[in-house]
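Each remark here refers to the structure printed beneath this line.
The values are calculated or read from the model by the stated rules, or taken from the named source; none is laboratory data. This one's a predicted model, so the numbers in the text were calculated from it and none came from an experiment. Cβ: placed from backbone, ideal geometry, glycine included. Neighbour counts: every protein chain shown. When the accessible area is computed, the model is the full protein with side chains, heavy atoms only, and any ligands, DNA or RNA have been set aside. Shrake-Rupley method; radii C 1.70, N 1.55, O 1.52, S 1.80 Å.
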Amino acid sequence: MLEIKNLHVKLEEEDKAILKGVDLTVEAGKVHAIMGPNGSGKSTLAYVLSGRDGYEVTEGEARLEGEDILEMEPEERAAAGLFLAFQYPVEIPGVGNMTFLRTAVNAQRKARGEEELSSGDFLKLIRARAKDLKIDADMLKRPVNVGFSGGEKKRNEILQMAMLEPRMCILDETDSGLDVDAMKLVADGVNALRDAGRAFLVITHYQRLLDHIKPDVVHIMADGRIIKTGGPELALEVEQNGYADILAEVNA
Amino acid sequence: MSTQPRPGTRAARLEQKLQATAARLDTMALPASAGWLRRAREDALTRLKAMGLPERRDEYWRHTDPAKLIAPQPVSAKLLTVTDESEVFSGIDRLKLVFVDGVFDAAASDDLAQEGIEICRLAEAGQRDIHWAQDLYATLEARGQAPVTRPLAVLNSAFAEDGVLIRVTGKVSRPVSLVYRRSAPEGEAMLHHLLRLEPGAELTLLENGPMAARYNTVMEAFIDEGAALHHVRAQGRDHERMGITHLFARLGAGSVLKSFTLSANGVLLRNEAVVWLEGQGGSAHVAGAAMGDGAFLHDDTVFINHAAPDCESRQVFKKVLRRGAVGVFQGKILVDQVAQKTDGYQISQSLLLDETSQFLAKPELEIYADDVKCSHGSTSGEIDADQFFYLRARGIAEDEAKALLVLAFLAEALAEIADETLAEEMRERLRGWVHRHNA
């Protein structure tokens, strides 16, 4: 599904390398987690994959189902099936959440040569999905993320994911700012979307989210590289001993 | 023996201005009218001669050069044939009054007789010996000459050939729609409208279209106790036209004024609004959305006087500018000493779509009461990069993402239109503009 090879990335504005040769393959139907200390490059990886400005790829490649995505515009990547659940969802005053979702769903359908959803079908779909995530009508009517609590913003991200039905979902620190109940809701939302044709890359600092979204593979990222890959037990190891032991072991 | 003021002094400049004004006015003849209207016109002419036509040197014309608005010959302006959208408000059930090149077109207009409302053309009323408008015509305009003069409104009171006089006694179900059409690239039009909303009356007034290559309109609105005037105006899309408009409104206790103006394109356009809140609990909202691409100057000049307690006012002006377009905002709130518990709000913002456009804002507050709430803000900024990326990351193409954000920027001004159908109509026009001006 997602294949990243020897990816090197630096900040455009300063000559600072952030990713220093990331290799990662996520297969369809699998959940991969990336854990790592702050500043290791986890969020940069998410942004670079989704096409945010400000980064320069100096080496390597990233392919989504065989297609080189690094040359694509952000909206083309989205239409190709990539989705990033933002660590800090952006507030957009003046744009209603419903309008936003509908525009996004139909833009992607259009880009893929599919017919736009009628208002009726769209409404039916969004009501059902919103209900699962305990998102009320008021949240749908309000401007995008404006006045939303931290948990509401994250649930709204998952709602967007559920509506857009991407094939490759990247969740960037989706657990940050969530209490236990909210985390459960978000995790249930994600788990409901798990299927054989869809892959997840879950970026997190802590192991707790992985109690709810069980990963197939866990990667540890440090200083711009994946330094260790293992099964779910790797996340538990981090939980118990922190990153220090793993870092020491790799550096030794 | 008269003494000449020393050259370069204020007195000398005024002298010069008055001479130029007299010379300009000598080339113009007052339109034919009888009794009361004749007297009102002559009075306006006298006032104008004493005040002089505006110059760029005048404080309130610093950012907008009035020279082309008063030059003897208006610059011609290409006619824009709009084929990509229907005429504004054409889908709305309304009482239509059509003016072509500033002249009333009875054949294209609806029957003026409607329950709860009395409509008469100025040109017709002016021929009568007595008319209800005779004690009102030009009175708000005259009052609006302080604290700053508005000479082009005085010019209008003297020379406007036509207009509509509307008296509303009840709730009018259908909006009254003034439609301005142009048939020639040359020409000038001046209209003077007068609205009288009697206590408790309600009216929605629509205006659309640029009426000539150069135009000057005045609307005087007398809004009595408990009455409500909803005013929505779209000023057409012609690029080269020039215009100056004045809205003067006097609000009685508990009355409401909501005025929204959409201005798209136009090399020189100034909309002035002068509002007096004279009765307790009145509410005046004046808003506008202006869209400029290239040769464009749009000026909103607003004065709101809180002259009674417990009144509320809002000024919400938004401008979207690109490729050298210029936006001007001059807005003042004056709160008299009696106007305790005033709630005044003023915001003027521009969204600069590139680095060549500019926005000049002059917000003013003058407050003499001690228990008031007044806020004002003015900003100019560009499309927010994070918001833009967020939308695109969800699959929304650049073009559409920009349109969404521009409309989001305009939302606060659009929210000043109470009627959702009219708001949606304005939103559609604005969306159309953004998509046309995206290259």
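Some values worked out for this structure:
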{"read-out": "Average other protein chain Cβ within 10 Å of Cβ, residues B:399-406", "value": "3"}
{"read-out": "Accessible area in the full protein assembly, largest first, 1.4 Å probe, for B:LYS319, B:LYS49", "value": "B:LYS49, B:LYS319"}
{"read-out": "Spatial separation of Cα centroids for region B:43-122 and region B:123-174, in angstrom", "value": "13"}
{"read-out": "Cβ neighbours within 10 Å from other chains - mean over B:382-392", "value": "6"}
{"read-out": "3J(HN,Hα) from dihedral phi, region B:74-81, Karplus parametrisation 6.51/-1.76/1.60, rounded to Hz, x for glycine, proline", "value": "x, 6, 6, 9, 3, 6, 9, 9"}
{"read-out": "In sequence order, calculated HN-Hα J values of region B:430-439 (Karplus, 6.51, -1.76, 1.60; Hz; x Gly/Pro)", "value": "5, 4, x, 4, 4, 5, 6, 10, 10, 6"}
{"read-out": "Dipole axis of chain B (+1 Lys, Arg; -1 Asp, Glu on Cβ), positive-most option in B:PHE159, B:ILE383, B:ASN271", "value": "B:PHE159"}
{"read-out": "Cα-centre dipole for region B:190-314 with unit charges at Cβ (Lys and Arg positive, Asp and Glu negative), debye to 20", "value": "300"}
{"read-out": "Area of B:VAL274 that stays accessible when all protein chains are in place (1.4 Å probe, Å², to 10)", "value": "0"}
{"read-out": "Filtered trypsin sites (Lys or Arg not before Pro), region A:186-222: DSSP coil and at most 16 other beta carbons within 10 Å", "value": "A:ARG194"}
{"read-out": "Area of A:GLU73 that stays accessible when all protein chains are in place (1.4 Å probe, Å², to 10)", "value": "80"}
{"read-out": "Order of exposure, largest accessible area first, which applies to B:ARG241, B:ARG94 with probe 1.4 Å", "value": "B:ARG94, B:ARG241"}
{"read-out": "Candidate residues B:TYR60, A:TYR206: accessible-area rank, largest first, probe 1.4 Å", "value": "A:TYR206, B:TYR60"}
{"read-out": "Distance histogram for the protein assembly as shown (every C-alpha pair counted, 20 angstrom bins, percent rounded to whole numbers)", "value": "16, 40, 26, 15, 3, 0"}
{"read-out": "Ordering of B:114-123, B:170-179, A:168-177 by burial proxy (mean other Cβ atoms within 10 Å per residue, highest first)", "value": "A:168-177, B:170-179, B:114-123"}
{"read-out": "Region B:297-439: projected area of the alpha-carbon convex hull, averaged over directions, in nm²", "value": "9.7"}
{"read-out": "Accessible area of A:SER119 in the full protein assembly, 1.4 Å probe (Å², nearest 10)", "value": "60"}
{"read-out": "For region B:163-179, 3J(HN,Hα) per residue [Karplus equation, 6.51 cos²θ - 1.76 cosθ + 1.60, θ = phi - 60°, Hz, x = Gly/Pro]", "value": "x, 10, 10, 10, 10, 10, 10, x, 8, 8, 6, 8, x, 8, 10, 8, 10"}
{"read-out": "For chain A, with +1 on Lys and Arg beta carbons and -1 on Asp and Glu, the positive-most of A:LEU171, A:GLY66, A:ALA137 along the dipole", "value": "A:ALA137"}
{"read-out": "Listing of region A:56-92 residues, each with accessible area lower by at least 40 Å² in the full protein assembly than in the chain alone (probe 1.4 Å)", "value": "A:PRO74, A:GLU75, A:PHE86, A:VAL90, A:ILE92"}
